[in-house]
Each structure stands twice: as structure tokens, then as C-alpha cells.
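What follows is a single structure, written as C-alpha cells, with notes after it.
What follows draws every value from the coordinates through simple rules; no lab data is involved. Because the structure is a prediction, the values reported are computed rather than measured.
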Amino acid sequence: MIASNLAKQAAPAEYRQAPFDIEVEQALLGAILVNNEAFERVSGFLEAQHFHEGLHQRIFETCGRLIRKGLLASPVTLRSHFSL
């Protein structure tokens, strides 16, 4: 009886959303842009789709492409990859 009540109270899966914190996303991207080694520390378990904000996903992907090529990912080098 209790289990069935809990199931009815739970939101359907299509309405559920993973928790997110925009400020944490920004802080992580900032850390990567200041020190590209931070990307190496998180790239083993973190993927672009884990970011809630679409722009943050693009920034993370772009940083990853640059860093994997041995290039510097910084605000200056990222600028050419994004239209203003």
C-alpha cells in the first residue's frame, strides 16, 4: 500500500530533471580556462551533455577539442570558435 502511494506521488520520468547549478558549471569552466589541467582531471567522468546550460556544453566541448590537440584553451583562444 505504501509503495503504491509513493509510486503515484513520484513525478513521471519525462518530467524529472537532474539537479543542476549554473554557478558550479561556470566555476568549473572558469577553472578549466585558467588551468587546462583541470580538464584532464574531470574529462574521464564528465561529458558535455552533463552540463545543463547549452552554452556551457559548447564551451566544454570546444575546450576539450583544443586541449586534446595540445592547444591552449583560454578565453582568448575560444573567442574565435563562438560568434558574438
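Give me the tail of P(r) for region 37-84 as a percent: Cα-Cα pairs with distance above 12 Å. Kindly include the intermediate steps, with their values, before the conclusion.
Numbers: 708 of 1128 pairs.
Distances greater than 12 Å cover 63 percent of the Cα pairs.
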### Task
Calculate, in nm to one decimal, what VAL76 and GLN26 gain on full extension: separation in residues at 0.36 nm each, minus their alpha carbon distance.
16.3 nm
